[in-house]
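The values are calculated or read from the model by the stated rules, or taken from the named source; none is laboratory data. Everything numeric here is computed off the predicted structure, so don't read it as measured data. Reconstructed Cβ throughout: ideal geometry from the backbone, glycine too, with neighbour counts over all protein chains shown. Only protein heavy atoms, including side chains, enter the accessible area calculation; ligands, DNA and RNA are left aside. Shrake-Rupley method; radii C 1.70, N 1.55, O 1.52, S 1.80 Å.
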Amino acid sequence: MTTAAQTQVKPRRAWSPSQIVLTLLGTAVSVVFLSPLAWALFTSLKPETEAVAVPPHWLPEDWTGQAWSAMFETGNIVNWFVNSVVVSVCVTAVVLLVSALAGYGFARTEFRGKAALMGVVMTGLMVSPAVLGVPLFTTVQQMGMVDTYWGMILPQCAPAAMVYILYKFFQGVPRELEEAAFIDGAGRWRVFFTIILPLSRPSLAAVGIFTFIASWNNFLWPYMVTNNPDLMTMPNGIATVMNSYGIQWAQLMAGGLMAGLPLIIVFVFFQRQIVAGVAHTGLAGQ
């Protein structure tokens, strides 16, 4: 007998009933989540008259990319995209810096008024951002930051939830690592940047990704603080896709897909960090 003949191919094990049920359930959930994206894509490839036809139908009868070209010709889509990138990246960078420093300070240092300040942070978790809209706008207006990048960025950089997430993570880091560094002559800042931050990469990645997504999707605050068309972000700019006949649904769907594309790319390339960050930060139940 040859070696190939002696090799026996193991038969594939039949699926158990539980595997079949879970597969069907996962397929059904995937269809539910993908259906709106498919509807938006097909609608963006229809003429405007067909997009508002009643009864609606899934596939276009007349396939056209008119809505996509119109978004670039009549809309300021490139400028909206750049504004969203600038605001989201700046907000993410500031939130990561502030939340990491504040979380480490609460977790590792003792000072007078620590409990009171921690209570203020916890209170921030219970207050809806919409409630603070008017006071924040009044403050920004008095500081002369209406219709500016800073006016859109700074009010989004008070990350109570992110401070608490990193605070809980830093509490779980063994103190022995820091004590060994202190014995070797390292200071608090060196310990923070060379030991604590490298250990907290998964949590920092999760905080950064969640902050970026929240800032990118933020509609209310940029809408309140700017009236300048050149400073509009993607959600605000897409909301203006109208003409004398009303909302242009095909263009609206095309703009929505373009606005969601960066978030899809972030998830595709950083899904490992998202899953690891959720596991490390304890967000799995939220």
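In the P(r) worked out for the stretch 163-255, what percent of Cα pairs fall beyond 23 Å?
Tail of the P(r) past 23 Å holds 53 percent of the pairs.
Using the per-residue mean of other Cβ atoms lying within 10 Å as a proxy for protection, in what order, highest first, do the peptides 260-272, 226-238 fall?
Ranked from most to least packed, the peptides come out as 226-238, 260-272.
Filter the trypsin sites (Lys or Arg not before Pro) in the stretch 19-122 down to the DSSP loop ones having no more than 13 other Cβ atoms within 10 Å, then list what survives.
R112
Grab every C-alpha pair in the stretch 31-115, bin the distances at 10 angstrom width from 0 up to the longest one, and report whole percents.
It works out to 13, 23, 21, 16, 12, 10, 4, in whole percents.
Please work out the average accessible area per residue across the stretch 74-278, using the 1.4 Å probe convention, and give it in Å².
54 Å²
Tell me, what % of the accessible area of the chain is carbon and sulfur with a 1.4 angstrom probe?
68 percent
Which stretch or stretches of the stretch 202-232 have amide N atoms under 18 Å from the point lying 7 Å from R272's Cα along the Cα→Cβ direction?
Of the residues in the stretch 202-232, 202-209 have backbone N under 18 Å from the label point off R272.
Choose one of V241, L22, A214: the residue whose Cα lies farthest towards the positive end of the charge dipole of the chain (beta-carbon charges +1 Lys, Arg; -1 Asp, Glu; about the Cα centre).
Farthest along the dipole direction, towards plus: L22.
Take the Cα gyration tensor of the chain, multiply each eigenvalue by 5, square-root it, and list the three semi-axes largest first, rounded to whole angstrom.
40, 36, 16
Under unit Cβ charges (Lys, Arg +1; Asp, Glu -1), what dipole magnitude, rounded to 20 debye, does the stretch 74-278 have relative to its Cα centre?
Computed about the Cα centre, the dipole is about 340 debye.
Please work out how much length the chain gains when fully extended from V31 to L97, using 0.36 nm per residue of separation minus the C-alpha to C-alpha distance, in nm with one decimal.
19.9 nm
Looking at the chain, do any whole DSSP H helices span at least 27 angstrom along their long axis by alpha carbon and average 1.0 or above on Kyte-Doolittle, and which?
Span-like helices, by this rule, are 17-44, 77-108, 249-281.
How many percent of the alpha carbon pairs in the stretch 86-226 exceed a separation of 17 Å?
64 percent
Which order do the peptides 20-27, 200-207 come out in when sorted by mean C-beta neighbours inside 10 angstrom, highest first?
Averaged packing, sorted descending, gives the order 200-207, 20-27.
So if each residue of separation counts as 0.36 nm, and I subtract the Cα-Cα distance between V86 and F111, what length gain in nm does that give?
5.4 nm
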